[in-house]
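Below is one structure, written out as structure tokens; comments come after it.
The values are calculated or read from the model by the stated rules, or taken from the named source; none is laboratory data. Being a predicted model, the structure only gives us computed values, none of them experimental. Here the Cβ is made from the backbone with ideal geometry for all residues, glycine too, and neighbour counts use every protein chain on show.
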Amino acid sequence: MIKKLSVILFFACFIGLIGCEQETTVLEIKGKEVIKTPVEEVKAIMPLKDRRYVYHNAIQVEEKNIQSTGQDKVPKTDHYPTISGLKNIEVQDKINQRLKETAQNLLPQLEEELKNNGKNDIRLYEHKYTDAYITYSLNNVIFVNYSARVQMPYNIYNEYPTYKWISEGYDLNTGEELKLSDLFRPDMDYKKKINNYICQYLIENNYDDYSRERMTKPFQGIREDQSFTFDLEALRIILDEKNDEFVSREYSDIISIPLEVLGDDLYIFDKYSEEGKSIYQKEKLVKKLLPNQIEFKADNMIEEGNHKYYIGITEGKFINVPDKNIEKKLNEMVACKYDVQGFIKKAEKIEGETTNSNFGHYINIFTNAGGLLSIAVSDEVFLGSHHELYKTSFNYDFNSNREIRLKDIFIDETKASNVILKHIKKLDLPISEEAIQNGLKETLESSDFNFDEAGIALNLLSMGEKLSSNQNWAWISFEEFGIENIRFLN
Amino acid sequence: MKRISLIALVTAFAVIITSCSPGGMNTVFTKDTYPKVDGSTATIPLSENTAAKLLSLTPEQARVFIKHNTTHSAYENLISGKADIIFVTEPSADELDLAQKANIELEVVPIVKEAFVFLVNKQNPVDTISVKQLQEIYQGKIVNWTELGGPDKEIIPYQRPENSGSQTIMENIVMKGLKIMDAPKELKPAEMAGLIEVIASYDNSDKALGYSVFYFANSMYNKETIKFVKVDGVEPTNETIKSGQYPYTSAYYAVIRKNEPKDSNARKLLAWLLSNEGQKLAEQSGYVPLR
């Protein structure tokens, strides 16, 4: 044993000395034989809670739509994407070939399944479809959903499955398909983690109650070739024909495991990409913000009304806010302070059987990602012909711990200002250019706006008092500003 | 009630006769003579494996050959003559009523055992709870784990949705007519909009107590985080359920029309299931055999 250990130690030192070699190996001594097994080198993994963003892949996607009629005389529509923009054209071609073939091969598989059901009759086919969509395209990985469908007359449509879908993920560095294990640190037992989550899910959703008739036998654990897909919200385990303990339905069941459950065991964001190293023809990458830990938990929802009025109120609390003062401020903001009883009395006094009186207290979360938060709380009142909207916005950057003003959104403030001016002028509102310009100066310094990853919602009230309630907000897309001018996306 | 007692006697007799018979029975079926089978989802593996064994089918062929239409539909099919034998849980009042209206008497024969089990987090030091304590917990009389020798933490006794199979068993065989406390509730997003209050699901926290049926819960894949509680010191296992030592046992049943002729294929299949060979196959299929 000691001899064996010495040999291993010797080799370990040797590996240390040649550590600059590309591949790490484990050496095992079996008799006189030395077995050399390459070990995957694990890159540094950023903890999920610290990760604020990933990068959109700089690929262009073109959708192909091909109509045809086969020998069976049944019309067929094939839809699949092709990608461009990778530096490595060989890999790009490999992926495009795969996208086309996988989409087209799914239909014969579905037809075979229909045939095995003993019920398929090709004369009943009205149309055949294949579809493929890229559902995720970040940090040098794409996931694609493929589906095939046979359209039959409605009266027999429900009798047996006529639809099949799968999902596949690809590494844009090599074009290789991802396995479930590729999503996780190689040193962790991902199957155990997933199986435990699924067991809990099955109990929570009463799958283990025989009267639900959803399972034929106990959960057998995920399979070696378990079907899955992935996005920024969850790892989604697709229960298909391989998971035969679940009663099969036309659409495969999906069990979604939220990213925060998988936490720091996730390797997919680090494994295929390296900061500063681009595999794209376009060097500049755009950020995709990752969800914050902050959550809004609705704990009171009132929806009531009669022939005189309607009330809709949502209240709740923000949790997991990193700053207690901000948490307090947010929770004060979202509470409904409007005199609802006063509104009801006024509404009831309005003559007539039916009125348009309604009151709504809404919380709108524009952004809750990348350490940024943008919310709006609105009280909207329609009392007969009278309309009022009270809207409060709040924008905060937890990365720098300060409130976000509109000008903070842009790298080039002047350029942004011109875009806003041009946009508002195009709206043809009853306000002068001078009023817009003066209002704009104030707006750029204020926090009275909201934003998401696609654009900004601007309050125009500071630009003109003549605006009616449906004219006082403007939505401007970041495309108009140029994505390169948006600070938090670059 | 009288009818069920009679059936139980018939069953006991059938079991004795069968258990006295040699391990294998010379039951030969063809696809044409195999009785029309139906049943619940939970008995599909038993049904498929039986058909595979008796008709020499591959698992895939058995899957195509056997179709179960869920419990209630299976009872309807048996009563209307579309099925000759069904593998199900015991008939509900509705199903007995349906049979009575059709002037059909049902013969209900247990073919495998089942048990009702209580779940706690594996870290919970409480291993055993008595029948009486379980009743008192679910009546709201015992509220803290210290009263069961555990930590000073509130007990959250989760329940199942009303009218679900597990909740019915809970009410009938555990509470035995005692009033069960209100279930913990939680707010969940409604399908259309807003929030609705629903019965909270067992969350496996260190305060939680829940329940399930043995067949589905036994593996819980590998029970990394959940454990079964011993009831009156008896752990639910194949052995204690089989022997009846574990207090909360039930069964999956074969149900036939009582007027089935003695030499009918449905009766032949039932007899085979109760034979040693049939019971061995049931155990291999993941069920608890009768003996």
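Counted as qualifying within segment A:287-403 are the strands (runs of 3 or more DSSP E) with 3 or more residues that are within 14 Å of another protein chain (Cβ to nearest Cβ), namely A:295-305, A:309-319, A:357-369.
Would you mind stating whether A:K329 is touching a helix residue (DSSP H, G or I) at 6+ places or on another chain (Cβ under 6 Å), surrounded by 14 or more Cβ atoms within 10 Å (Cβ to Cβ) and touching a residue at least 40 places away in the same chain (Cβ under 8 Å)?
For A:K329, the condition - touching a helix residue (DSSP H, G or I) at 6+ places or on another chain (Cβ under 6 Å), surrounded by 14 or more Cβ atoms within 10 Å (Cβ to Cβ) and touching a residue at least 40 places away in the same chain (Cβ under 8 Å) - is not met.
Does A:I222 meet the test of being more than 7 Å from chain B (Cβ to nearest Cβ), part of a loop (DSSP other than H, G, I, E, B) and touching a helix residue (DSSP H, G or I) at 6+ places or on another chain (Cβ under 7 Å)? Here the answer is yes, as A:I222 does meet what is asked. A residue that is touching an Asp or Glu at 6+ places or on another chain (Cβ under 9 Å), of a type in the set (A, V, I, L, M, F, W, C) and buried (at least 17 other Cβ atoms within 10 Å of the Cβ) occurs somewhere in segment A:302-315. Keeping to segment A:185-211, report how many residues are more than 15 Å from A:S256 (Cβ to Cβ), in a helix (DSSP H, G or I) and more than 7 Å from chain B (Cβ to nearest Cβ). Of the residues in segment A:185-211, 2 are more than 15 Å from A:S256 (Cβ to Cβ), in a helix (DSSP H, G or I) and more than 7 Å from chain B (Cβ to nearest Cβ). A:Y267 meets the conditions (1) touching a residue at least 40 places away in the same chain (Cβ under 8 Å); (2) within 14 Å of another protein chain (Cβ to nearest Cβ); (3) of a type in the set (F, W, Y) in every case but one. The failed one is (2). Tell me, yes or no, whether segment A:219-242 has at least one residue that is closer than 30 Å to B:E283 by Cα and in contact with a Cys (Cβ under 7 Å, 6 or more places away or on another chain). Within segment A:219-242, one or more residues are closer than 30 Å to B:E283 by Cα and in contact with a Cys (Cβ under 7 Å, 6 or more places away or on another chain). Annotation for segment A:71-80: at least one member residue is among the basic types (K, R) and farther than 25 Å from A:D171 by Cβ. Please determine whether any residue of segment A:60-79 is surrounded by 12 or more Cβ atoms within 10 Å (Cβ to Cβ), touching a Leu at 6+ places or on another chain (Cβ under 7 Å), more than 30 Å from A:F398 (Cα to Cα) and not acidic (D, E). Scanning segment A:60-79, I find no residue that is surrounded by 12 or more Cβ atoms within 10 Å (Cβ to Cβ), touching a Leu at 6+ places or on another chain (Cβ under 7 Å), more than 30 Å from A:F398 (Cα to Cα) and not acidic (D, E), so the answer is no. Yes or no: A:Q293 touching a residue at least 12 places away in the same chain (Cβ under 8 Å), surrounded by fewer than 19 Cβ atoms within 10 Å (Cβ to Cβ), more than 18 Å from the chain's Cα centre (by Cα) and at negative phi? The answer is no for A:Q293. Pairs linking a residue in segment B:42-62 that is facing chain A (nearest Cβ under 9 Å) to a residue that is assigned to a helix (DSSP H, G or I) and among the hydroxyl-bearing types (S, T, Y), with Cβ atoms under 8 Å and 6 or more positions apart or on different chains, are B:A42/A:Y210; B:A42/B:Y215.
Look through segment A:267-290, keep the residues that are among the basic types (K, R) and exposed (fewer than 15 other Cβ atoms within 10 Å of the Cβ), and return whichever of them is modelled with the highest pLDDT. Applying the filter and picking the extreme gives A:K282. Of the numbered criteria (1) surrounded by fewer than 20 Cβ atoms within 10 Å (Cβ to Cβ); (2) at pLDDT 90 or above; (3) not in a strand (DSSP E or B), the one A:Y160 fails is (2). Restricted to segment B:154-165, and to residues that are surrounded by 14 or more Cβ atoms within 10 Å (Cβ to Cβ) and modelled with pLDDT of 90 or more, which residue is nearest to the other protein chains (Cβ to nearest Cβ)? For segment B:154-165, the residue satisfying everything is B:R160. For residues that are of a type outside the set (G, A, S), at pLDDT below 95 and assigned to a loop (DSSP other than H, G, I, E, B), tally how many sit in segment A:226-266. Residues meeting the conditions: 12. Candidates B:T146, B:T249, B:T168, B:T237: the one that is more than 14 Å from every other protein chain (Cβ to nearest Cβ), without any contact (Cβ under 8 Å) to a residue 60 or more places away in the chain, of a type in the set (V, I, T) and closer than 26 Å to A:R214 by Cα is B:T237. Answer yes or no: is there a residue in segment B:135-147 that is under 29 Å from B:Y287 (Cα atoms) and hydrophobic (A, V, I, L, M, F, W, C). No, segment B:135-147 contains no residue that is under 29 Å from B:Y287 (Cα atoms) and hydrophobic (A, V, I, L, M, F, W, C).
Taken together, the residues in segment A:225-257 that are within 14 Å of chain B (Cβ to nearest Cβ), polar (S, T, N, Q) and out of contact with any helix residue (DSSP H, G or I) (no Cβ under 7 Å at 6 or more places or on another chain) amount to 2.
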